[in-house]
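*Asks:* If you scroll down you'll find the structure; I have some questions about it.
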Amino acid sequence: MSNVNMIGIEIQEAERIAEELNGLLSDLQIFYQNLRGFHWNIQGQGFFDLHQKFEELYNEAAVNIDDVAERILALDAVPFHSFENYLSNSGIQSTTNVHDAETAVMTVVNNLQKLIIKEKEVLSLANEADDEGSATLVSDMIKVHEKTSWMFRAWLK
């Protein structure tokens, strides 16, 4: 019996990576839903710009969610697919009733920080396991999330 899966990753390492990816999937799902709420509920002077930006970000998050779930499947695991799983496995808090720009943007910055930390954890595990697919996936997300974080932090100044 082989100790590697169909894509050449040791089964035990693939399971660990998939577990961490499920945590990332949970974070992305809550991040996505927070962004939807900000998009719908933002009010005030920055409405037009932020309404559009939040839509851009939740569309990007939706793509990331799908990519992470498909990577979990490629690792021979099952992606979480219930809100109960997302809420109990996410390091990001669900946010409701945010209408002002500063609170929304600060929440996005904080959520991005948590995503980046989680992505770097997955990246480290993937690199140790020689899992180029997972490493590339999260590396690309880190680059985008770090830039987005910088832009929102600049907006806050």
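The values are calculated or read from the model by the stated rules, or taken from the named source; none is laboratory data. Note that this is a predicted model, so its numbers are computed, not measured. Neighbour counts are summed over all protein chains in view; Cβ atoms, including those assigned to glycine, are modelled from backbone coordinates with ideal geometry.
Yes/no matrix, rows are residues, columns are (1) over 10 Å from Ser26 (Cβ atoms); (2) among the charged types (D, E, K, R); (3) assigned to a helix (DSSP H, G or I); (4) in contact with a Lys or Arg (Cβ under 7 Å, 6 or more places away or on another chain):
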{"site": "Asn64", "(1), (2), (3), (4)": "yes, no, yes, no"}
{"site": "Ile72", "(1), (2), (3), (4)": "yes, no, yes, no"}
{"site": "Asp76", "(1), (2), (3), (4)": "yes, yes, no, no"}
{"site": "Tyr86", "(1), (2), (3), (4)": "no, no, yes, no"}
{"site": "Ser94", "(1), (2), (3), (4)": "yes, no, no, no"}
{"site": "Ala104", "(1), (2), (3), (4)": "yes, no, yes, no"}
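*Asks:* Looking only at residues that are surrounded by 19 or more Cβ atoms within 10 Å (Cβ to Cβ) and in contact (Cβ under 8 Å) with a residue 40 or more places away in the chain in segment 115-124, which one is farthest from His145 (Cα to Cα)?
*Replies:* The extreme case among them is Val122.
*Asks:* Is it the case that some residue within segment 100-113 is touching a helix residue (DSSP H, G or I) at 6+ places or on another chain (Cβ under 8 Å) and farther than 20 Å from Glu55 by Cα? Outline the logic, then answer.
*Replies:* From segment 100-113, those touching a helix residue (DSSP H, G or I) at 6+ places or on another chain (Cβ under 8 Å) are 101-102, 104-109, 111-113; that's our starting set.
The next check asks that each one be farther than 20 Å from Glu55 by Cα; those that pass are none.
Among the residues of segment 100-113, not one is touching a helix residue (DSSP H, G or I) at 6+ places or on another chain (Cβ under 8 Å) and farther than 20 Å from Glu55 by Cα, which makes the answer no.
*Asks:* Using beta carbons and a limit of 6 Å, which pairs, at least six apart or on different chains, have the first residue in segment 12-28 and within 14 Å of Val78 (Cα to Cα) and the second one among the hydroxyl-bearing types (Ser, Thr, Tyr) and crowded, with 21+ Cβ neighbours inside 10 Å?
*Replies:* Partner pairs satisfying both residue conditions: Ile17/Ser134; Ser26/Tyr86; Ser26/Ser90.
*Asks:* Just to check your reading of the model, which residue among Asn97, Asn111 is of a type in the set (S, T, N, Q) and surrounded by fewer than 19 Cβ atoms within 10 Å (Cβ to Cβ)? Steps first, answer last, please.
*Replies:* Numbers: Asn111 fails: surrounded by fewer than 19 Cβ atoms within 10 Å (Cβ to Cβ).
After applying the criteria, what remains is Asn97.
*Asks:* How many of the residues in segment 1-21 are assigned to a helix (DSSP H, G or I) and more than 17 Å from Ala135 (Cβ to Cβ)?
*Replies:* Residues that pass the stated criteria total 2.
*Asks:* Restricting attention to segment 130-143, which residues are over 14 Å from Ile9 (Cβ atoms) and either loosely packed, with under 13 Cβ neighbours inside 10 Å or modelled with pLDDT under 95 (or both)? Steps first, please.
*Replies:* Step one: filter segment 130-143 for residues over 14 Å from Ile9 (Cβ atoms), giving 138-143.
Listed by number, the list holds a single entry, Lys143.
*Asks:* Here's a follow-up. Test Phe48 against the criterion of being buried (at least 17 other Cβ atoms within 10 Å of the Cβ) and modelled with pLDDT of 95 or more, and give yes or no. Walk me through it before giving the result.
*Replies:* Numbers: buried (at least 17 other Cβ atoms within 10 Å of the Cβ): no; modelled with pLDDT of 95 or more: yes.
Taking the combined requirement at face value, the residue does not satisfy it.
*Asks:* Still on this structure, please answer the following. Please work out which residue is farthest from Trp150 (Cα to Cα), limiting yourself to segment 89-111 and to residues that are touching a residue at least 60 places away in the same chain (Cβ under 8 Å) and of a type in the set (A, V, I, L, M, F, W, C).
*Replies:* This residue is Val98.
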